[in-house]
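Since the structure comes first, as C-alpha coordinates, the remarks are kept for the end.
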Amino acid sequence: MGTRALAAVALFSLAACSAPAPRTLTAGDALPAEWKPADVDSGVALLWVFRTRDCLSCEEVDEHLRRVQREFGASVAIVAVHVGNARDATVPRSFFASRRVALARQVRHTPREFRRTFGDVTLPAVLVASGSRIVWSSAGPASSALTPHRLDGVLRRHVGGSESVAPEHAAGNKSQR
Amino acid sequence: MPLPCICPLFGRGRRDVTCRLSLALPVLASVLLGGCQANGNGEASAAGTPEGDVLSHLRTVQVQETREVLNVTPRVTRDPWGGFLVVDRKEAQLRRYGEDGSLLWHAGRKGGGPGEFGVPSGVGRLPSGAVLVAERNGRLTLFDSAGGAVLGTVETRVGQLEDLAILSDSMVLLAGVLNGDLEGPRLHVWNLAAGTLRNSFFSPFAGQANRAAATVAGWTQASVRRDTVAAVFALSDTVYFFTLDGRAAGRIPAGFRHFRRAPHKEPDRVITDPMERARWLSAFDYVAGVHWLPDGRLLVPYQSVEPGTAMNRRWHLLALDRGGRWLFELRDVPWLLDVDGRSGEITFVERGSEVPNRWALARLRQ
(Lines give C-alpha, C1' and ligand atoms only; values in the text may rest on other atoms or scores of the structure.)
Protein backbone atom coordinates (compact mmCIF):
# COMPACT_ATOMS: atom_id res chain seq x y z
CA MET A 1 0.00 0.00 0.00
CA GLY A 2 1.51 3.29 -1.00
CA THR A 3 1.86 6.37 1.13
CA ARG A 4 -1.06 8.08 -0.52
CA ALA A 5 -3.34 5.11 0.07
CA LEU A 6 -2.25 4.86 3.69
CA ALA A 7 -2.99 8.53 4.15
CA ALA A 8 -6.41 8.06 2.67
CA VAL A 9 -7.16 5.17 5.00
CA ALA A 10 -5.93 7.17 7.96
CA LEU A 11 -8.05 10.12 6.97
CA PHE A 12 -11.01 7.84 6.58
CA SER A 13 -10.45 6.32 10.00
CA LEU A 14 -10.07 9.70 11.57
CA ALA A 15 -13.27 10.90 9.98
CA ALA A 16 -15.09 7.82 11.17
CA CYS A 17 -13.84 8.23 14.70
CA SER A 18 -14.79 11.86 14.90
CA ALA A 19 -18.23 11.52 13.28
CA PRO A 20 -21.03 12.52 15.61
CA ALA A 21 -22.91 9.67 17.19
CA PRO A 22 -26.19 8.85 15.47
CA ARG A 23 -29.10 10.55 17.12
CA THR A 24 -32.64 9.37 17.49
CA LEU A 25 -35.65 11.48 18.17
CA THR A 26 -37.01 9.90 21.25
CA ALA A 27 -38.86 10.45 24.47
CA GLY A 28 -37.19 13.04 26.63
CA ASP A 29 -35.78 15.06 23.74
CA ALA A 30 -36.71 18.67 23.39
CA LEU A 31 -39.25 19.37 20.67
CA PRO A 32 -37.63 21.58 18.03
CA ALA A 33 -39.17 25.01 18.31
CA GLU A 34 -40.10 25.16 14.63
CA TRP A 35 -42.15 21.98 14.98
CA LYS A 36 -44.21 23.23 17.89
CA PRO A 37 -47.78 23.99 16.93
CA ALA A 38 -49.43 27.13 18.13
CA ASP A 39 -52.87 27.38 19.68
CA VAL A 40 -53.20 23.97 21.24
CA ASP A 41 -54.69 24.32 24.69
CA SER A 42 -53.55 20.93 25.84
CA GLY A 43 -50.06 21.45 24.48
CA VAL A 44 -50.18 17.95 23.04
CA ALA A 45 -49.08 17.29 19.49
CA LEU A 46 -48.78 14.24 17.30
CA LEU A 47 -45.95 14.56 14.81
CA TRP A 48 -45.17 12.47 11.77
CA VAL A 49 -41.60 12.95 10.58
CA PHE A 50 -41.31 11.43 7.14
CA ARG A 51 -39.51 11.39 3.82
CA THR A 52 -41.19 11.97 0.48
CA ARG A 53 -41.03 8.26 -0.22
CA ASP A 54 -43.13 7.53 2.84
CA CYS A 55 -46.07 9.18 1.08
CA LEU A 56 -45.64 6.76 -1.82
CA SER A 57 -45.38 3.51 0.07
CA CYS A 58 -47.93 1.29 1.72
CA GLU A 59 -47.44 3.04 5.04
CA GLU A 60 -50.82 3.53 6.57
CA VAL A 61 -49.96 6.17 9.08
CA ASP A 62 -52.76 8.32 7.73
CA GLU A 63 -55.24 5.96 9.33
CA HIS A 64 -53.69 6.70 12.71
CA LEU A 65 -53.71 10.41 12.03
CA ARG A 66 -57.39 10.41 11.05
CA ARG A 67 -58.31 8.30 14.03
CA VAL A 68 -56.51 10.72 16.33
CA GLN A 69 -58.20 13.75 14.78
CA ARG A 70 -61.56 11.97 15.13
CA GLU A 71 -61.00 10.83 18.72
CA PHE A 72 -59.19 13.85 20.11
CA GLY A 73 -60.31 16.70 17.89
CA ALA A 74 -58.60 19.98 18.60
CA SER A 75 -57.04 18.63 21.77
CA VAL A 76 -54.21 17.12 19.77
CA ALA A 77 -52.43 19.10 17.09
CA ILE A 78 -51.20 17.11 14.13
CA VAL A 79 -47.89 18.26 12.74
CA ALA A 80 -46.22 17.01 9.56
CA VAL A 81 -42.45 17.26 9.32
CA HIS A 82 -41.41 16.57 5.74
CA VAL A 83 -37.80 15.71 5.11
CA GLY A 84 -37.54 16.35 1.42
CA ASN A 85 -36.63 18.76 -1.31
CA ALA A 86 -38.75 21.68 -2.43
CA ARG A 87 -39.55 20.02 -5.75
CA ASP A 88 -41.32 17.23 -3.86
CA ALA A 89 -43.48 19.50 -1.75
CA THR A 90 -46.61 18.66 -3.76
CA VAL A 91 -46.40 15.05 -2.67
CA PRO A 92 -47.14 15.52 1.04
CA ARG A 93 -49.59 18.30 0.26
CA SER A 94 -51.60 15.94 -1.92
CA PHE A 95 -51.15 13.13 0.53
CA PHE A 96 -52.66 14.99 3.46
CA ALA A 97 -55.42 16.55 1.39
CA SER A 98 -56.59 13.29 -0.11
CA ARG A 99 -56.25 11.42 3.17
CA ARG A 100 -58.34 14.07 4.89
CA VAL A 101 -55.77 14.87 7.53
CA ALA A 102 -56.07 18.39 8.90
CA LEU A 103 -52.65 19.65 9.88
CA ALA A 104 -51.98 22.22 12.55
CA ARG A 105 -48.58 22.75 11.07
CA GLN A 106 -46.46 21.52 8.20
CA VAL A 107 -42.72 21.95 8.21
CA ARG A 108 -40.18 20.99 5.59
CA HIS A 109 -36.47 20.35 5.99
CA THR A 110 -34.18 19.40 3.17
CA PRO A 111 -32.52 16.05 3.85
CA ARG A 112 -29.20 17.81 4.20
CA GLU A 113 -30.33 20.35 6.78
CA PHE A 114 -32.31 17.71 8.65
CA ARG A 115 -29.25 15.51 8.94
CA ARG A 116 -27.10 18.45 9.95
CA THR A 117 -29.53 19.45 12.68
CA PHE A 118 -30.80 16.15 13.98
CA GLY A 119 -28.20 13.63 12.92
CA ASP A 120 -28.91 10.19 11.56
CA VAL A 121 -32.51 9.68 12.57
CA THR A 122 -34.67 6.67 11.86
CA LEU A 123 -37.49 7.71 9.56
CA PRO A 124 -40.39 7.73 9.37
CA ALA A 125 -41.13 8.47 12.99
CA VAL A 126 -44.29 9.16 14.89
CA LEU A 127 -43.82 11.33 17.94
CA VAL A 128 -46.04 12.58 20.70
CA ALA A 129 -45.03 15.85 22.28
CA SER A 130 -46.37 17.53 25.34
CA GLY A 131 -45.35 21.12 25.78
CA SER A 132 -41.80 21.41 24.61
CA ARG A 133 -40.81 17.77 25.12
CA ILE A 134 -41.17 14.60 23.13
CA VAL A 135 -42.90 12.11 25.41
CA TRP A 136 -43.29 9.09 23.13
CA SER A 137 -41.83 7.95 19.86
CA SER A 138 -42.20 5.14 17.41
CA ALA A 139 -39.68 5.01 14.62
CA GLY A 140 -39.19 2.96 11.53
CA PRO A 141 -41.59 1.58 8.96
CA ALA A 142 -44.40 -0.59 10.25
CA SER A 143 -43.23 -0.22 13.81
CA SER A 144 -44.95 -2.67 16.07
CA ALA A 145 -45.14 0.07 18.67
CA LEU A 146 -47.52 2.08 16.51
CA THR A 147 -50.81 0.54 17.50
CA PRO A 148 -54.04 2.41 18.18
CA HIS A 149 -54.04 1.06 21.73
CA ARG A 150 -50.59 2.34 22.59
CA LEU A 151 -50.74 5.62 20.72
CA ASP A 152 -54.18 6.60 21.95
CA GLY A 153 -53.27 5.58 25.47
CA VAL A 154 -50.30 7.92 25.48
CA LEU A 155 -52.36 10.76 24.03
CA ARG A 156 -55.15 10.26 26.56
CA ARG A 157 -52.76 10.41 29.46
CA HIS A 158 -51.29 13.67 28.28
CA VAL A 159 -54.37 15.43 26.98
CA GLY A 160 -55.92 15.08 30.42
CA GLY A 161 -53.22 17.36 31.75
CA SER A 162 -52.61 15.30 34.86
CA GLU A 163 -49.67 13.44 33.43
CA SER A 164 -46.22 14.73 34.13
CA VAL A 165 -44.01 15.01 31.12
CA ALA A 166 -42.12 11.86 31.84
CA PRO A 167 -40.47 10.23 28.91
CA GLU A 168 -42.00 7.03 27.62
CA HIS A 169 -40.20 4.76 25.27
CA ALA A 170 -41.98 2.67 22.73
CA ALA A 171 -40.63 -0.76 22.05
CA GLY A 172 -38.50 -1.00 18.99
CA ASN A 173 -37.94 2.68 18.53
CA LYS A 174 -34.21 2.72 18.99
CA SER A 175 -33.01 1.38 15.70
CA GLN A 176 -30.91 3.53 13.50
CA ARG A 177 -31.23 3.88 9.81
CA MET B 1 -65.70 2.55 -8.75
CA PRO B 2 -62.76 0.49 -7.76
CA LEU B 3 -60.19 1.82 -5.51
CA PRO B 4 -57.83 -0.97 -6.25
CA CYS B 5 -54.68 -1.73 -4.47
CA ILE B 6 -51.40 -1.38 -6.26
CA CYS B 7 -48.91 -3.24 -4.21
CA PRO B 8 -45.19 -2.59 -4.19
CA LEU B 9 -44.21 -6.20 -3.87
CA PHE B 10 -43.41 -7.35 -7.30
CA GLY B 11 -40.64 -8.47 -9.48
CA ARG B 12 -39.70 -10.85 -12.22
CA GLY B 13 -40.88 -14.36 -11.70
CA ARG B 14 -42.62 -13.68 -8.44
CA ARG B 15 -45.88 -15.50 -8.51
CA ASP B 16 -46.41 -15.58 -4.82
CA VAL B 17 -46.93 -11.91 -4.66
CA THR B 18 -50.16 -10.86 -3.16
CA CYS B 19 -51.20 -7.42 -2.35
CA ARG B 20 -50.86 -7.15 1.34
CA LEU B 21 -51.44 -3.55 1.98
CA SER B 22 -53.67 -1.14 0.37
CA LEU B 23 -51.81 1.78 -1.00
CA ALA B 24 -53.49 5.00 -0.78
CA LEU B 25 -53.84 5.28 -4.37
CA PRO B 26 -57.16 4.58 -4.16
CA VAL B 27 -57.64 7.12 -2.47
CA LEU B 28 -56.94 8.17 -5.40
CA ALA B 29 -57.70 11.38 -4.69
CA SER B 30 -59.04 13.60 -7.18
CA VAL B 31 -57.01 15.37 -9.69
CA LEU B 32 -59.75 17.62 -10.71
CA LEU B 33 -59.11 20.40 -13.08
CA GLY B 34 -61.08 23.55 -13.48
CA GLY B 35 -64.62 23.88 -12.26
CA CYS B 36 -67.96 22.58 -13.40
CA GLN B 37 -70.06 25.45 -14.60
CA ALA B 38 -73.41 23.85 -14.04
CA ASN B 39 -75.06 23.51 -10.68
CA GLY B 40 -78.60 23.26 -9.49
CA ASN B 41 -81.25 20.80 -10.42
CA GLY B 42 -81.79 21.41 -14.10
CA GLU B 43 -79.78 19.75 -16.80
CA ALA B 44 -76.84 21.70 -18.02
CA SER B 45 -73.59 20.98 -19.70
CA ALA B 46 -70.33 20.98 -17.86
CA ALA B 47 -69.23 23.71 -20.22
CA GLY B 48 -65.55 24.18 -20.80
CA THR B 49 -64.64 20.79 -19.39
CA PRO B 50 -63.55 17.70 -21.28
CA GLU B 51 -66.82 15.96 -20.39
CA GLY B 52 -69.03 18.95 -21.14
CA ASP B 53 -69.87 17.87 -24.68
CA VAL B 54 -70.98 14.37 -23.81
CA LEU B 55 -72.51 14.68 -20.35
CA SER B 56 -75.52 16.54 -19.06
CA HIS B 57 -75.14 17.72 -15.51
CA LEU B 58 -78.16 16.76 -13.39
CA ARG B 59 -77.42 17.93 -9.88
CA THR B 60 -74.79 18.34 -7.23
CA VAL B 61 -74.87 16.45 -3.95
CA GLN B 62 -72.99 17.61 -0.88
CA VAL B 63 -72.64 14.47 1.18
CA GLN B 64 -72.94 14.95 4.89
CA GLU B 65 -69.93 14.33 7.04
CA THR B 66 -69.52 14.22 10.77
CA ARG B 67 -66.62 13.78 13.12
CA GLU B 68 -67.09 10.03 12.75
CA VAL B 69 -67.87 9.94 9.05
CA LEU B 70 -65.35 11.25 6.58
CA ASN B 71 -65.21 10.35 2.91
CA VAL B 72 -61.66 9.30 2.21
CA THR B 73 -61.89 6.41 -0.26
CA PRO B 74 -65.59 6.04 -0.96
CA ARG B 75 -66.82 3.22 -3.13
CA VAL B 76 -70.29 4.25 -4.15
CA THR B 77 -73.25 2.41 -5.56
CA ARG B 78 -76.79 3.61 -6.07
CA ASP B 79 -79.15 2.14 -3.52
CA PRO B 80 -82.25 0.52 -5.05
CA TRP B 81 -84.11 1.90 -2.05
CA GLY B 82 -82.99 5.43 -2.98
CA GLY B 83 -79.85 7.37 -2.34
CA PHE B 84 -76.41 5.86 -2.16
CA LEU B 85 -74.63 3.02 -0.42
CA VAL B 86 -70.98 3.65 0.33
CA VAL B 87 -68.14 1.61 1.70
CA ASP B 88 -64.95 3.42 2.53
CA ARG B 89 -61.86 1.24 2.38
CA LYS B 90 -59.65 3.43 4.48
CA GLU B 91 -62.30 4.30 7.01
CA ALA B 92 -63.61 0.72 7.20
CA GLN B 93 -67.17 1.93 7.19
CA LEU B 94 -70.52 1.28 5.53
CA ARG B 95 -72.84 4.25 5.00
CA ARG B 96 -76.17 5.08 3.50
CA TYR B 97 -76.80 8.53 2.11
CA GLY B 98 -80.13 9.94 1.00
CA GLU B 99 -80.67 11.40 -2.46
CA ASP B 100 -79.83 14.82 -1.06
CA GLY B 101 -76.59 13.61 0.51
CA SER B 102 -77.89 13.44 4.06
CA LEU B 103 -76.25 10.72 6.11
CA LEU B 104 -78.99 8.23 7.00
CA TRP B 105 -76.87 5.74 8.91
CA HIS B 106 -73.43 4.27 9.12
CA ALA B 107 -71.98 1.03 10.43
CA GLY B 108 -68.69 -0.73 10.87
CA ARG B 109 -65.22 0.10 12.02
CA LYS B 110 -61.73 -1.27 11.63
CA GLY B 111 -61.38 -4.79 12.93
CA GLY B 112 -62.04 -8.42 12.29
CA GLY B 113 -65.14 -9.09 14.33
CA PRO B 114 -68.72 -9.23 13.13
CA GLY B 115 -69.70 -5.85 11.75
CA GLU B 116 -66.08 -4.77 11.58
CA PHE B 117 -64.04 -4.47 8.41
CA GLY B 118 -60.48 -4.85 7.25
CA VAL B 119 -60.72 -3.33 3.78
CA PRO B 120 -64.31 -3.16 2.53
CA SER B 121 -64.29 -3.18 -1.24
CA GLY B 122 -67.86 -3.51 -2.45
CA VAL B 123 -71.44 -3.08 -1.39
CA GLY B 124 -74.90 -3.84 -2.72
CA ARG B 125 -78.47 -4.29 -1.55
CA LEU B 126 -80.24 -7.59 -2.05
CA PRO B 127 -83.84 -7.64 -3.28
CA SER B 128 -84.80 -8.63 0.29
CA GLY B 129 -83.43 -5.31 1.52
CA ALA B 130 -80.39 -6.70 3.30
CA VAL B 131 -77.10 -4.94 2.57
CA LEU B 132 -74.09 -7.03 1.54
CA VAL B 133 -70.54 -5.82 2.07
CA ALA B 134 -67.53 -7.51 0.50
CA GLU B 135 -64.06 -7.18 1.94
CA ARG B 136 -60.83 -7.47 0.08
CA ASN B 137 -59.88 -10.58 2.04
CA GLY B 138 -62.96 -12.36 0.70
CA ARG B 139 -65.26 -12.04 3.67
CA LEU B 140 -68.89 -11.14 3.06
CA THR B 141 -71.02 -9.52 5.74
CA LEU B 142 -74.77 -9.27 5.50
CA PHE B 143 -76.40 -6.39 7.36
CA ASP B 144 -80.07 -5.77 7.92
CA SER B 145 -81.69 -3.13 5.76
CA ALA B 146 -80.77 -0.30 8.12
CA GLY B 147 -77.22 -1.40 8.86
CA GLY B 148 -78.12 -1.90 12.50
CA ALA B 149 -77.51 -5.60 12.83
CA VAL B 150 -75.20 -8.17 11.31
CA LEU B 151 -77.22 -11.02 9.88
CA GLY B 152 -74.22 -13.14 9.03
CA THR B 153 -70.70 -13.37 7.73
CA VAL B 154 -69.04 -15.87 5.42
CA GLU B 155 -65.49 -16.46 4.19
CA THR B 156 -65.53 -17.07 0.44
CA ARG B 157 -61.86 -17.90 -0.27
CA VAL B 158 -61.99 -15.21 -2.95
CA GLY B 159 -59.07 -12.96 -2.11
CA GLN B 160 -58.21 -9.58 -3.63
CA LEU B 161 -61.95 -9.19 -3.89
CA GLU B 162 -62.48 -5.89 -5.66
CA ASP B 163 -66.00 -5.92 -7.03
CA LEU B 164 -69.41 -7.43 -6.50
CA ALA B 165 -72.72 -7.43 -8.30
CA ILE B 166 -75.99 -8.55 -6.73
CA LEU B 167 -77.76 -11.10 -8.90
CA SER B 168 -80.58 -12.17 -6.58
CA ASP B 169 -81.28 -12.74 -2.91
CA SER B 170 -79.17 -15.84 -3.04
CA MET B 171 -76.61 -15.18 -5.76
CA VAL B 172 -73.85 -12.61 -6.02
CA LEU B 173 -71.06 -12.16 -8.55
CA LEU B 174 -67.64 -11.63 -6.98
CA ALA B 175 -64.47 -10.44 -8.73
CA GLY B 176 -61.27 -11.67 -7.15
CA VAL B 177 -58.65 -14.38 -6.90
CA LEU B 178 -59.81 -17.81 -5.73
CA ASN B 179 -57.53 -19.60 -3.26
CA GLY B 180 -54.63 -17.35 -4.19
CA ASP B 181 -54.38 -18.74 -7.71
CA LEU B 182 -53.48 -15.77 -9.90
CA GLU B 183 -53.76 -17.87 -13.03
CA GLY B 184 -57.23 -19.06 -12.15
CA PRO B 185 -60.62 -17.59 -12.84
CA ARG B 186 -61.41 -14.12 -11.52
CA LEU B 187 -65.22 -14.06 -11.58
CA HIS B 188 -67.23 -16.22 -9.22
CA VAL B 189 -70.94 -16.73 -8.69
CA TRP B 190 -71.40 -17.21 -4.98
CA ASN B 191 -74.48 -18.82 -3.50
CA LEU B 192 -75.28 -16.79 -0.41
CA ALA B 193 -77.99 -19.13 0.79
CA ALA B 194 -75.82 -22.21 0.65
CA GLY B 195 -72.52 -20.50 1.40
CA THR B 196 -70.91 -22.18 -1.57
CA LEU B 197 -69.28 -21.29 -4.84
CA ARG B 198 -71.53 -22.09 -7.78
CA ASN B 199 -69.17 -21.46 -10.69
CA SER B 200 -66.07 -19.50 -11.68
CA PHE B 201 -64.88 -18.13 -15.01
CA PHE B 202 -62.72 -15.48 -16.76
CA SER B 203 -58.97 -16.13 -16.44
CA PRO B 204 -57.22 -13.06 -17.86
CA PHE B 205 -53.87 -13.41 -16.11
CA ALA B 206 -52.46 -16.11 -18.36
CA GLY B 207 -52.56 -13.85 -21.39
CA GLN B 208 -50.56 -11.05 -19.81
CA ALA B 209 -47.06 -10.53 -21.16
CA ASN B 210 -45.94 -8.46 -18.20
CA ARG B 211 -46.75 -10.69 -15.28
CA ALA B 212 -45.25 -8.34 -12.75
CA ALA B 213 -47.60 -5.57 -13.85
CA ALA B 214 -50.51 -8.00 -14.01
CA THR B 215 -49.80 -9.08 -10.47
CA VAL B 216 -49.51 -5.61 -9.10
CA ALA B 217 -52.49 -4.27 -11.02
CA GLY B 218 -54.38 -7.49 -10.94
CA TRP B 219 -57.96 -6.48 -10.43
CA THR B 220 -61.00 -7.56 -12.35
CA GLN B 221 -64.19 -5.54 -12.59
CA ALA B 222 -67.55 -6.60 -13.91
CA SER B 223 -71.01 -5.31 -14.64
CA VAL B 224 -74.17 -7.34 -15.17
CA ARG B 225 -77.00 -6.45 -17.53
CA ARG B 226 -79.84 -8.94 -17.71
CA ASP B 227 -77.96 -12.22 -18.03
CA THR B 228 -74.77 -10.86 -19.58
CA VAL B 229 -71.62 -10.07 -17.67
CA ALA B 230 -69.19 -7.50 -19.06
CA ALA B 231 -65.73 -7.85 -17.53
CA VAL B 232 -62.40 -6.09 -17.73
CA PHE B 233 -58.92 -6.76 -16.38
CA ALA B 234 -56.80 -3.81 -15.28
CA LEU B 235 -54.14 -4.17 -17.96
CA SER B 236 -56.23 -5.57 -20.79
CA ASP B 237 -57.68 -3.30 -23.46
CA THR B 238 -60.53 -5.70 -24.15
CA VAL B 239 -64.07 -5.99 -22.82
CA TYR B 240 -65.10 -9.61 -22.30
CA PHE B 241 -68.66 -10.93 -22.18
CA PHE B 242 -70.00 -13.99 -20.42
CA THR B 243 -73.27 -15.57 -19.53
CA LEU B 244 -73.88 -15.98 -15.83
CA ASP B 245 -73.12 -19.65 -16.04
CA GLY B 246 -69.68 -18.71 -17.30
CA ARG B 247 -69.90 -19.34 -21.02
CA ALA B 248 -67.90 -16.90 -23.13
CA ALA B 249 -70.20 -14.60 -25.09
CA GLY B 250 -67.69 -12.66 -27.11
CA ARG B 251 -65.19 -9.89 -26.60
CA ILE B 252 -64.60 -6.48 -28.10
CA PRO B 253 -61.40 -4.48 -28.24
CA ALA B 254 -61.85 -1.38 -26.16
CA GLY B 255 -60.35 0.68 -28.94
CA PHE B 256 -58.56 3.11 -26.68
CA ARG B 257 -56.83 5.94 -28.47
CA HIS B 258 -55.00 7.35 -25.48
CA PHE B 259 -54.58 4.38 -23.16
CA ARG B 260 -50.93 3.85 -22.19
CA ARG B 261 -50.35 0.12 -22.21
CA ALA B 262 -48.06 -1.65 -19.78
CA PRO B 263 -44.70 -2.51 -21.31
CA HIS B 264 -44.27 -6.12 -22.42
CA LYS B 265 -40.98 -6.32 -20.59
CA GLU B 266 -41.05 -6.94 -16.89
CA PRO B 267 -38.72 -5.08 -14.54
CA ASP B 268 -35.40 -6.91 -14.44
CA ARG B 269 -35.30 -6.83 -10.64
CA VAL B 270 -37.53 -6.36 -7.66
CA ILE B 271 -38.16 -2.67 -7.24
CA THR B 272 -38.06 -1.83 -3.57
CA ASP B 273 -37.49 1.91 -3.66
CA PRO B 274 -40.89 3.60 -3.34
CA MET B 275 -39.88 6.50 -5.58
CA GLU B 276 -38.70 4.23 -8.35
CA ARG B 277 -41.72 2.01 -7.92
CA ALA B 278 -44.02 5.02 -8.16
CA ARG B 279 -42.38 6.09 -11.41
CA TRP B 280 -42.80 2.59 -12.82
CA LEU B 281 -46.44 2.42 -11.80
CA SER B 282 -47.12 5.79 -13.37
CA ALA B 283 -45.75 4.72 -16.75
CA PHE B 284 -48.94 2.97 -17.85
CA ASP B 285 -52.70 3.15 -17.39
CA TYR B 286 -55.14 0.86 -15.63
CA VAL B 287 -58.64 -0.08 -16.69
CA ALA B 288 -60.70 0.72 -13.64
CA GLY B 289 -64.08 -0.70 -14.48
CA VAL B 290 -66.81 -1.39 -16.96
CA HIS B 291 -70.41 -0.25 -16.72
CA TRP B 292 -73.52 -1.03 -18.70
CA LEU B 293 -75.82 1.84 -19.46
CA PRO B 294 -79.54 1.07 -19.76
CA ASP B 295 -79.42 1.17 -23.56
CA GLY B 296 -76.54 -1.29 -23.81
CA ARG B 297 -73.75 1.21 -24.27
CA LEU B 298 -70.66 0.67 -22.16
CA LEU B 299 -68.56 3.06 -20.14
CA VAL B 300 -64.98 2.01 -19.48
CA PRO B 301 -63.16 4.26 -17.02
CA TYR B 302 -59.41 4.02 -16.77
CA GLN B 303 -56.80 5.58 -14.55
CA SER B 304 -53.27 6.77 -14.32
CA VAL B 305 -51.38 7.40 -11.11
CA GLU B 306 -49.23 10.39 -10.33
CA PRO B 307 -46.19 10.16 -8.06
CA GLY B 308 -46.12 13.94 -7.77
CA THR B 309 -49.49 13.89 -6.05
CA ALA B 310 -48.81 11.00 -3.70
CA MET B 311 -50.09 8.44 -6.19
CA ASN B 312 -53.46 10.07 -6.53
CA ARG B 313 -55.26 9.12 -9.69
CA ARG B 314 -56.30 10.81 -12.85
CA TRP B 315 -59.46 9.48 -14.39
CA HIS B 316 -60.22 8.93 -18.05
CA LEU B 317 -63.36 7.64 -19.71
CA LEU B 318 -64.10 5.63 -22.81
CA ALA B 319 -67.58 4.96 -24.21
CA LEU B 320 -68.46 2.13 -26.59
CA ASP B 321 -71.64 0.83 -28.08
CA ARG B 322 -72.51 -2.82 -27.59
CA GLY B 323 -70.95 -3.68 -30.90
CA GLY B 324 -67.66 -2.15 -29.80
CA ARG B 325 -67.92 1.03 -31.82
CA TRP B 326 -65.87 3.82 -30.26
CA LEU B 327 -68.14 6.67 -29.13
CA PHE B 328 -65.78 8.96 -27.27
CA GLU B 329 -62.73 8.97 -25.06
CA LEU B 330 -61.90 11.67 -22.56
CA ARG B 331 -58.82 12.18 -20.47
CA ASP B 332 -58.87 13.99 -17.15
CA VAL B 333 -62.48 13.63 -16.21
CA PRO B 334 -63.41 13.92 -12.53
CA TRP B 335 -63.14 10.87 -10.27
CA LEU B 336 -65.90 8.50 -11.40
CA LEU B 337 -67.71 7.00 -8.42
CA ASP B 338 -70.57 5.03 -9.94
CA VAL B 339 -72.65 4.36 -13.00
CA ASP B 340 -76.21 3.26 -12.29
CA GLY B 341 -77.20 0.64 -14.82
CA ARG B 342 -80.90 1.21 -14.19
CA SER B 343 -81.16 4.98 -14.49
CA GLY B 344 -78.01 5.69 -16.45
CA GLU B 345 -76.99 8.31 -13.91
CA ILE B 346 -73.28 8.74 -13.48
CA THR B 347 -71.82 9.92 -10.19
CA PHE B 348 -68.55 11.81 -10.16
CA VAL B 349 -66.70 13.69 -7.51
CA GLU B 350 -67.49 17.24 -8.46
CA ARG B 351 -64.85 18.78 -10.64
CA GLY B 352 -62.73 21.10 -8.55
CA SER B 353 -63.54 19.39 -5.28
CA GLU B 354 -60.31 18.38 -3.65
CA VAL B 355 -61.97 15.79 -1.44
CA PRO B 356 -64.67 13.31 -2.38
CA ASN B 357 -67.53 14.74 -0.36
CA ARG B 358 -69.18 16.74 -3.13
CA TRP B 359 -70.61 14.72 -5.94
CA ALA B 360 -71.93 15.65 -9.35
CA LEU B 361 -74.60 13.52 -11.03
CA ALA B 362 -74.69 13.50 -14.78
CA ARG B 363 -76.14 11.58 -17.66
CA LEU B 364 -74.71 10.72 -21.03
CA ARG B 365 -76.12 12.84 -23.83
CA GLN B 366 -77.85 10.83 -26.52
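Which of the following residues is of a type outside the set (Val, Ile, Thr), modelled with pLDDT of 95 or more and assigned to a loop (DSSP other than H, G, I, E, B): B:Trp81, B:Trp105?
Values: B:Trp105 fails: assigned to a loop (DSSP other than H, G, I, E, B).
Being of a type outside the set (Val, Ile, Thr), modelled with pLDDT of 95 or more and assigned to a loop (DSSP other than H, G, I, E, B) holds for just one of B:Trp81, B:Trp105, which is B:Trp81.
Can you confirm whether B:Ser304 is of a type in the set (S, T, N, Q) and more than 14 Å from chain A (Cβ to nearest Cβ)?
Values: of a type in the set (S, T, N, Q): yes; more than 14 Å from chain A (Cβ to nearest Cβ): yes.
Yes.
Pairs needed: first member in segment B:264-287, within 11 Å of B:Val216 (Cβ to Cβ); second member anywhere, among the hydroxyl-bearing types (Ser, Thr, Tyr) and surrounded by 13 or more Cβ atoms within 10 Å (Cβ to Cβ); C-beta distance under 8 Å; at least 6 residues apart or different chains.
What qualifies is B:Phe284/B:Ser304; B:Tyr286/B:Tyr302; B:Tyr286/B:Ser304.
Assigned to a helix (DSSP H, G or I) and either in contact (Cβ under 8 Å) with a residue 40 or more places away in the chain or surrounded by fewer than 18 Cβ atoms within 10 Å (Cβ to Cβ) (or both) - does that describe any residue in segment A:100-112?
The initial filter retains those residues of segment A:100-112 that are assigned to a helix (DSSP H, G or I), namely A:111-112.
Now restrict to residues that are either in contact (Cβ under 8 Å) with a residue 40 or more places away in the chain or surrounded by fewer than 18 Cβ atoms within 10 Å (Cβ to Cβ) (or both): A:111-112.
Yes, the conditions are met somewhere in segment A:100-112.
Which condition number in (1) on the phi < 0 side of the Ramachandran plot; (2) more than 14 Å from every other protein chain (Cβ to nearest Cβ); (3) not in a strand (DSSP E or B) is the one that B:Ile252 fails?
Result: B:Ile252 passes all but (3).
Of the residues B:Pro253, B:Pro263, which is at pLDDT 90 or above and within 21 Å of the chain's Cα centre (by Cα)? I'd like the intermediate steps shown before the answer.
Values: B:Pro263 fails: within 21 Å of the chain's Cα centre (by Cα).
Matching residue, one of B:Pro253, B:Pro263: B:Pro253.
Against the conditions (1) of a type outside the set (A, V, I, L, M, F, W, C); (2) buried (at least 21 other Cβ atoms within 10 Å of the Cβ); (3) in contact (Cβ under 8 Å) with a residue 60 or more places away in the chain; (4) more than 18 Å from A:Leu65 (Cα to Cα), where does B:Thr141 fall short? Just the number, please.
(3) is the only condition that B:Thr141 fails.
With a cut-off of at least 2 residues that are within 15 Å of the chain's Cα centre (by Cα), name the strands (runs of 3 or more DSSP E) lying wholly within segment B:283-366.
Working: elements: B:298-306, B:312-320, B:326-333, B:336-339, B:345-349, B:358-364.
It comes to B:298-306, B:312-320, B:336-339, B:345-349.
Quick one: which residue in A:Val91, A:Val79, A:Val101, A:Val107 is among the hydrophobic types (A, V, I, L, M, F, W, C), within 12 Å of chain B (Cβ to nearest Cβ) and in contact with a strand residue (DSSP E or B) (Cβ under 7 Å, 6 or more places away or on another chain)? Spell out the reasoning first.
On the way: A:Val91 fails: in contact with a strand residue (DSSP E or B) (Cβ under 7 Å, 6 or more places away or on another chain); A:Val79 fails: within 12 Å of chain B (Cβ to nearest Cβ); A:Val107 fails: within 12 Å of chain B (Cβ to nearest Cβ).
Step by step, each of A:Val91, A:Val79, A:Val101, A:Val107 is checked, and only A:Val101 is among the hydrophobic types (A, V, I, L, M, F, W, C), within 12 Å of chain B (Cβ to nearest Cβ) and in contact with a strand residue (DSSP E or B) (Cβ under 7 Å, 6 or more places away or on another chain).
The values are calculated or read from the model by the stated rules, or taken from the named source; none is laboratory data. Please read all numbers here as calculations on a predicted model, not as lab measurements. As a convention, Cβ positions derive from the backbone with ideal geometry for all residues, glycine included, and neighbour counts pool all protein chains shown.
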